[in-house]
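Enquirer: My questions will all concern the structure given below.
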Amino acid sequence: MIRVLFVCLGNICRSPLGEGIFRHLVTRAGLDAEFEIDSAGTGSWHVGAPPHHGSQRVARDRGVDLTGQRARQVQAVDLQRFDYILAMDSENFADLNSLARNSKTTAQIHRMLDFAPRLGMRDVPDPYLGGPEGFDQVFDLVEEACQGLLAAIAQERGLKGLPTG
Ligand code: 4NP
């Protein structure tokens, strides 16, 4: 089992899209049985809440299912359970690394956009206080990075039938 966790601040805008888009790609590749996919936030404000309506709207428009997702806060134990942890921005990345320094960690913590080098961007912008177009941009960035991530994992783990470039 390959365990992948997407992390942002609130777990209502960006990381739910990471979870939903990555699951969509994994399902399409016929690899559901190989993966456990989840998301969490570094903050606790929205624990128990469904994804933001902006994320739900863009996901619906683009054929990705976020049904059943509820926000939760990342825990130190997540850093032992998950193999790949994807931070949406530099603040999330720094917070995860602080948590890792104080706990037994087996996860690899990455910046999400390191898997989309073509974009030349470091952070997935926080769309929380902006308009609907912010959520479309997040979808585009996260979709490209999810494709890169799945290709990278496929190469590392020797999964068959996937592009590894
Ligand atoms: P997310 O967006 O980290 O992509 O889920 C945010 C959600 C909530 C807040 C900030 C960002 N907030 O300040 O409550």
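Enquirer: Output the number of residues of segment 55-83 satisfying the condition of being over 18 Å from ILE12 (Cα atoms), within 15 Å of the chain's Cα centre (by Cα) and in a loop (DSSP other than H, G, I, E, B).
Expert: Of the residues in segment 55-83, 2 are over 18 Å from ILE12 (Cα atoms), within 15 Å of the chain's Cα centre (by Cα) and in a loop (DSSP other than H, G, I, E, B).
Enquirer: Of all residues in segment 75-104, how many are among the small types (Gly, Ala, Ser) and either surrounded by 19 or more Cβ atoms within 10 Å (Cβ to Cβ) or out of contact with any helix residue (DSSP H, G or I) (no Cβ under 7 Å at 6 or more places or on another chain) (or both)? Break it down into steps so the answer makes sense when it comes.
Expert: At the first step, the residues of segment 75-104 found to be among the small types (Gly, Ala, Ser) are 76, 87, 90, 94, 98, 100, 103.
Filter once more, keeping what is either surrounded by 19 or more Cβ atoms within 10 Å (Cβ to Cβ) or out of contact with any helix residue (DSSP H, G or I) (no Cβ under 7 Å at 6 or more places or on another chain) (or both): 87, 90, 94, 98.
The qualifying residues number 4.
Enquirer: Being within 16 Å of the ligand (Cβ to nearest atom) and among the acidic types (Asp, Glu) narrows it down to one of ASP61, ASP114, ASP123, so name that one.
Expert: Working: ASP61 fails: within 16 Å of the ligand (Cβ to nearest atom); ASP114 fails: within 16 Å of the ligand (Cβ to nearest atom).
The unique qualifying residue is ASP123.
Enquirer: Give me the residue from segment 40-61 that is of a type in the set (S, T, N, Q) and surrounded by 14 or more Cβ atoms within 10 Å (Cβ to Cβ) and, out of that set, farthest from GLU143 (Cα to Cα). Can you show your working first?
Expert: Filtering segment 40-61 for residues of a type in the set (S, T, N, Q) gives 42, 44, 55-56.
Subsequent filtering for residues that are surrounded by 14 or more Cβ atoms within 10 Å (Cβ to Cβ) retains 42, 55-56.
Values: THR42: 21, SER55: 13, GLN56: 15 Å.
Checking each candidate, the answer is THR42.
Enquirer: Hey, LEU86 hits all of (1) under 24 Å from ASP32 (Cα atoms); (2) part of a helix (DSSP H, G or I) but one; which does it fall short on?
Expert: (2)
Enquirer: Out of segment 4-26, which residues are within 10 Å of the ligand (Cβ to nearest atom) and either open to solvent by 10 Å² or more (accessible area, probe 1.4 Å) or assigned to a loop (DSSP other than H, G, I, E, B) (or both)?
Expert: Across segment 4-26, the qualifying residues are LEU9, GLY10, ASN11, ILE12, CYS13.
Enquirer: Do you know which residues across segment 105-121 are part of a loop (DSSP other than H, G, I, E, B) and in contact with a helix residue (DSSP H, G or I) (Cβ under 6 Å, 6 or more places away or on another chain)?
Expert: The first filter runs over segment 105-121 and keeps only residues part of a loop (DSSP other than H, G, I, E, B), leaving 105-107, 116, 120-121.
THR105, THR106, ALA107, ALA116, MET121 - these are the residues of segment 105-121 that are part of a loop (DSSP other than H, G, I, E, B) and in contact with a helix residue (DSSP H, G or I) (Cβ under 6 Å, 6 or more places away or on another chain).
Enquirer: If a residue has to be touching a residue at least 40 places away in the same chain (Cβ under 8 Å) and out of contact with any strand residue (DSSP E or B) (no Cβ under 7 Å at 6 or more places or on another chain) to count, how many in segment 31-58 make the cut?
Expert: Result for segment 31-58: 6.
Enquirer: For segment 62-74, what are the residues that are of a type in the set (D, E, K, R) and either open to solvent by 80 Å² or more (accessible area, probe 1.4 Å) or at pLDDT below 95 (or both)? Spell out the reasoning first.
Expert: So in segment 62-74, the residues of a type in the set (D, E, K, R) come out as 62, 65, 70, 72.
Residues satisfying the conditions are ARG62, ASP65, ARG70.
Enquirer: Considering segment 33-56 alone, what residues qualify as being small (Gly, Ala, Ser) and out of contact with any helix residue (DSSP H, G or I) (no Cβ under 8 Å at 6 or more places or on another chain)? Spell out the reasoning first.
Expert: Taking segment 33-56 and keeping what is small (Gly, Ala, Ser), we get 33, 39-41, 43-44, 48-49, 54-55.
The answer is ALA33, GLY43, SER44, GLY48, ALA49.
Enquirer: If you don't mind, there's one more thing I want to ask. Taking segment 27-54 only, how many residues are under 22 Å from ASP126 (Cβ atoms) and in a loop (DSSP other than H, G, I, E, B)?
Expert: Residues in segment 27-54 being under 22 Å from ASP126 (Cβ atoms) and in a loop (DSSP other than H, G, I, E, B): 11 in total.
Enquirer: Scan segment 10-30 and report the pairs whose first residue is within 13 Å of ARG62 (Cα to Cα) and whose second residue is among the β-branched types (Val, Ile, Thr) and assigned to a loop (DSSP other than H, G, I, E, B), with Cβ atoms within less than 8 Å and a gap of 6+ or a chain change.
Expert: Matching pairs, first to second residue: LEU17/VAL64; GLY20/VAL64; ILE21/VAL64; HIS24/VAL64.
The values are calculated or read from the model by the stated rules, or taken from the named source; none is laboratory data. The shown structure was predicted, so the numbers you read here are calculated from the model rather than taken from an experiment. So basically every Cβ, Gly included, is an ideal-geometry build from the backbone, and we count neighbours across all protein chains shown. Just so you know, the surface numbers come from the protein's heavy atoms only, side chains and all, with ligands and any DNA or RNA stripped out. Shrake-Rupley method; radii C 1.70, N 1.55, O 1.52, S 1.80 Å.
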